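Asks: Here it is, the structure in full.
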Amino acid sequence: MSASTIESALLKFKSSIPSYVDLVAVSKTKPNEDILLAYNAGQRIFGENKIQDLVLKQETLPKDIEWHFIGHLQTNKVKYIAPFVSLIHAIDSIKLLREINKRAKQNERTIDCLLQVKIAQEDSKFGIYPDELEGFITSNEVKSLSNISINGLMGMASNTKNDVQLKSEFGQLNLLYNRIKISNPAFQTLSMGMSGDYRLAIDEGSNMIRVGSSIFGARNYSK
Ligand SMILES: *Cc1c(COP(=O)(O)O)cnc(C)c1O
């Protein structure tokens with residue numbers, strides 16, 4: 001997209017969502033120039049899903065950017081982002097949480113995390129099963145990890161245009177979020193909604209959306 005298009009798409013997008021909703025601008029596959037256009041229009045939270053890209057972009061772009069990791073995170077890659085990552089969206093195992101805690105400690109910081117919940121009916125989506133979530137959060141081991149903070153939940157709905165199904169998947173996650181929040185004061189973030197389904201997600205209680213193509217244009221993976 002051209003310079004003015006990214007800026008105006010961003011500003012238009014921001015004005016169309018409630019002010020309590022945090023916008024993660026998903027910049028995966030996009031060059032630094034595009035990110036800087038959004039940055040200069042006021043955007044500070046960006047999301048990436050490849051460790052190598054994230055590390056390179058963090059090194060070269062302004063230091064007040066809050067970088068969110070939104071992809072499936074492999075345990076052996078946590079160390080590369082532990083010094084700077086602001087929020088990790090997609091925790092789906094105790095093994096991963098243990099490693100994040102260890103690397104956070106080495107960096108003398110606490111890393112904010114969201115648990116990814118499997119709400120989609122598709123097999124391809126990662127995440128903790130809804131009926132295992134409360135047991136996971138209240139386990140002694142999770143409670144003992146002192147350098148991570150579990151701030152909420154993240155989910156991806158099915159890849160469908162069926163609004164009834166999307167609403168039901170987002171609604172299910174919202175219900176879980178609000179139930180767990182009662183006994184977890186750190187819970188403050190419900191990350192759900194992307195370019196195609198963010199309106200429904202916000203209607204169903206989302207307060208953080210992850211939007212890429214509506215701001216930066218379609219991605220070209222063949223480049
Ligand atoms: C790519 C991606 C998004 C953004 O998708 P768009 O449809 O471009 O808005 C959101 N969340 C996750 C986890 C992603 O991988």
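Asks: Please state, as a whole number in µm²/s, the translational diffusion coefficient that the Stokes-Einstein equation yields for the chain at 4 °C and 1.567 mPa s, with Rh defined as the Kirkwood radius across alpha carbon pairs.
Replies: 73 µm²/s
Asks: If you don't mind, there's one more thing I want to ask. Roughly what % of Cα-Cα distances in segment 1-76 sit above 20 Å, to the whole percent?
Replies: Every Cα pair in segment 1-76 considered, those over 20 Å come to 31 percent.
Asks: For SER213 and ASP131, what is the calculated FRET efficiency with R₀ set at 25 Å and r taken between the beta-carbons, to the nearest 0.05? Let's see the in-between values first.
Replies: On the way: r = 33 Å, r/R0 = 1.32.
The computed FRET efficiency comes out at 0.15.
Asks: Counting Lys +1, Arg +1, Asp -1, Glu -1, what net charge surrounds ILE111 among other residues with beta carbon under 15 Å of its beta carbon?
Replies: Net local charge, ILE111 excluded: +3.
Asks: Oh, and also: May I ask you to rank ARG210, ARG109, ARG199, ARG98 by accessible area, largest first, using a 1.4 Å probe over the protein chains only?
Replies: Sorted descending by solvent-accessible area, the residues read ARG199, ARG98, ARG109, ARG210.
Asks: Same structure again: Summarise the accessible area of segment 3-216 (1.4 Å probe, protein heavy atoms) by the percent that is carbon and sulfur.
Replies: Details: 4880 of 10020 Å².
About 49 percent, which is the carbon plus sulfur part of the accessible surface.
Asks: Further, regarding this structure: Given the pairs LYS161/LYS181; LYS105/LYS143; LYS125/LYS161; LYS50/LYS167, which span a C-alpha to C-alpha distance of over 21 angstrom in this model?
Replies: LYS161/LYS181; LYS50/LYS167, as the Cα separations exceed 21 Å there.
Asks: Further question on the same structure: Would you mind working out the accessible area per residue for the chain, using a 1.4 Å probe, and quoting it in Å²?
Replies: Per residue, the chain has an accessible area of 49 Å².
Asks: Run the numbers for LYS143 and TYR221: contour at 0.36 nm per residue of separation, minus the present Cα-Cα distance, in nm.
Replies: 24.1 nm
Asks: Further question: When all protein chains stay in place, what accessible area (Å², nearest 10, 1.4 Å probe) is found for SER16?
Replies: The accessible area of SER16 comes to roughly 50 Å².
Asks: Follow-up. Rounded to the nearest 500, what is the 222 nm mean residue ellipticity of the chain from helices alone, with -39500 (n - 2.57) per DSSP H run of 4+ residues and division by all residues?
Replies: Rounded to the nearest 500, the figure is -12000 deg cm²/dmol.
Asks: Given R₀ = 25 Å, FRET efficiency for GLU33-ARG199 by Cβ-Cβ distance, to 0.05?
Replies: 0.30
Asks: Right, something else. Please report the net charge: other residues with Cβ closer than 12 Å to the Cβ of PHE170, K and R +1, D and E -1.
Replies: On the way: positive: LYS167, ARG199; negative: ASP163, GLU169, ASP197, ASP203, GLU204.
Once positives and negatives cancel, what remains is -3.
Asks: Work out the FRET efficiency for ASN159 and ASP64 from their Cβ-Cβ distance, taking R0 = 25 Å, and round it to the nearest 0.05.
Replies: E(calc), rounded to 0.05, equals 0.15.
The values are calculated or read from the model by the stated rules, or taken from the named source; none is laboratory data. As the structure is a computational prediction, the values presented were derived from the model and not from experiment. Heads up, the Cβs are rebuilt from the backbone with ideal geometry, glycines too, and the neighbour counts pull from every protein chain shown. These accessible areas exclude ligands, DNA and RNA; they are computed on the full protein's heavy atoms, side chains included. Shrake-Rupley method; radii C 1.70, N 1.55, O 1.52, S 1.80 Å.
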